[in-house]
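What follows is a single structure, written as C-alpha cells, with notes after it.
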Amino acid sequence: MAKTAWLICTDLDASLLDAEYQWTGAEVALSAVRALGVPLVLNSSKTFAEMAPFAAALNPLAPVIAENGTAIGYPQCWGLGAADVAVDSYSVEYCGMPRTELLRIAHDLRERKGYRFQGFSEMEAEALTEMLGLDAKQARAALERHGSEPIDWRDSVEALEEFSDALAGEGVALVRGGRFEHLMPAHQSKGAALMEVLQRYRSRQPELQWNVLAIGDSPNDCSMLEMADQALVIPNPKRGTLKLKRPDYEVAPAPGPEGWGVSVLNFLSTQVSSTTNDDKRHE
C-alpha cells in the first residue's frame, strides 16, 4: 500500500498574508511545515513577479501558481526542460488565452455596451501604490501580467452579471477575487493549475499517494478548495466566510495568518505527523 504524502496549496492575500502583506501569526506553523518536509504551493491572483519573493522566503523548492492559475512556475532544479519564460530560479509556463486577447474582448464589450470599469492595463504603477498600499517595485510587479486582468468594477451588479454572461460567450471567465474582479480564460482556474501540479508530484514520486490541503478565502479559491482532499476556509471580515458546495470543509478560527497558523498546526498534528512527510525530499 502506497504511503500518504501531503502538500499544502494556499492563497496569499487575506489567507496566509494580512493587509500589510505579512504572515505574522503563521510563523510557527510555517516552521512546522518546513520541518516536516511538506511542500507549500502558493496559489494566488498575483503575478509571478509579485509572488517570487514570497516563494523564495517560504518554500523555494515548490511550484508557484500565479494569476489565478494561468501561470505555473516550476523550480528549475526540477529539470523539466523548455518553458515559456525563466523568472529568477523558476521555469514559468503560461496556460490558455493570452492577456492581449482578454483585453480585446473586454474592451470591445465596454465600447459597445458602455460598461464602467478600469483594468490594471489602464493603470499606472502610482495608482496601484495608492490603491493597494504597495511600494513602487511591488506595483510594477503587479502590472507584469500575461494571462489575466484584474478590473475595478464601477457599474451596477446587474451590469456585472450581464458583462459576465457576454464574456462567457467569448470563452472568458469573470472571477471574483479578494479585491477585484478578474478576467481569465474560461477553462483555467486555481483548481485546474493545482491539479496539474499535483500530477507532476505524482509523476516524480509515484510510490507516494499525494493528497492536498487547500486553503483560501475568496470565490476565486473555490475551484481548488472543492477539488482538494481537505479544504480550509479562512474567514474574511470584509466579505464574510466563503461557503463551499462540499460539506466536509473546515473554517479557521480567525481571519488571515492567525487563523491560518492555528488551523495548519492542527492539521499537521493530526494528519502529517503520522504519514510520510518526515521524508523531506518531496520538493
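What follows is calculated from the coordinates using simple rules that are stated; it is not laboratory data. Keep in mind the model is a prediction, meaning the values are calculated, not measured. Note: ideal-geometry Cβ built from the backbone for every residue, glycine included; neighbour counts use all protein chains shown.
Only Lys, Arg, Asp and Glu count, each charged at its Cβ (+1, +1, -1, -1), so figure out the dipole size of region 99-185 about its Cα centre, rounded to 20 debye. Write down the numbers at each step before the final one.
Details: 12 positive and 18 negative charges, 33 e Å.
For region 99-185, the charge dipole is close to 160 debye.
Highest first, please rank the peptides 46-56, 105-115 by the mean number of other Cβ atoms sitting within 10 Å of their residues.
On the way: 46-56: 21.3, 105-115: 14.7.
Most protected by this proxy first, the peptides run 46-56, 105-115.
Sum -39500 (n - 2.57) across every DSSP H segment of at least 4 residues in the chain, then divide by the residue count to get the 222 nm mean residue ellipticity, nearest 500. Walk me through the numbers on the way to the answer.
On the way: 9 runs with 95 residues, N = 283.
Helix-only estimate at 222 nm: -10000 deg cm²/dmol.
Which residue fluctuates most in the GNM of the chain (Cα springs below 10 Å): Glu93, Glu20, Glu181?
Comparing Glu93, Glu20, Glu181 in a Gaussian network model of the chain, the most mobile one is Glu20.
Report the calculated FRET efficiency for His107 and Glu226 (r = Cβ-Cβ distance, R0 = 35 Å), to the nearest 0.05.
Working: r = 32 Å, r/R0 = 0.90.
Once the sixth-power term is evaluated, E becomes 0.65.
For Trp210, which sequence-distant residues (separation of 5 or more, or a different chain) have an amide H within less than 5 Å of its own amide H, given hydrogens modelled in the peptide plane?
Ala5
What relative contact order, as a whole-number percentage, does the chain give when Cα pairs under 8 Å and 6 or more residues apart are counted? Let's see the in-between values first.
Details: 541 pairs, mean separation 75.7, N = 283.
For the chain, the relative contact order is 27 percent.
Have a look at Val175, Ala136, Ser148 and report the one farthest towards the positive end of the charge dipole of region 99-185, computed about the Cα centre with Cβ charges (Lys/Arg +1, Asp/Glu -1).
Positive-most Cα among the choices belongs to Ala136.
Taking the Cα centre of region 1-69 as the origin, how large is its charge dipole in debye, to the nearest 20, when only Lys and Arg (+1) and Asp and Glu (-1) carry charge on their Cβ atoms? All intermediate terms of the calculation are to be shown ahead of the outcome.
On the way: 3 positive and 7 negative charges, 85 e Å.
So the dipole magnitude of region 1-69 works out to roughly 400 debye.
Note down the magnitude of the dipole of the chain about its Cα centre, charges +1 on Lys and Arg C-beta and -1 on Asp and Glu C-beta and zero elsewhere, to the nearest 20 debye.
Numbers: 26 positive and 40 negative charges, 116 e Å.
Computed about the Cα centre, the dipole is about 560 debye.
Which one of Gly169, Gly177, Gly259 has the biggest mean-square fluctuation once the chain is modelled by GNM with Cα springs under 10 Å?
Fluctuation is largest for Gly169.
Pop out the ³J(HN,Hα) list for region 228-236 in order, Karplus 6.51 cos²θ - 1.76 cosθ + 1.60 with θ = phi - 60°, rounded to Hz; leave Gly and Pro as x.
6, 5, 9, 10, 10, 9, 8, x, 10
Which percent of the Cα-Cα distances in the chain go past 36 Å?
Details: 5113 of 39903 pairs.
Within the chain, distances greater than 36 Å cover 13 percent of Cα pairs.
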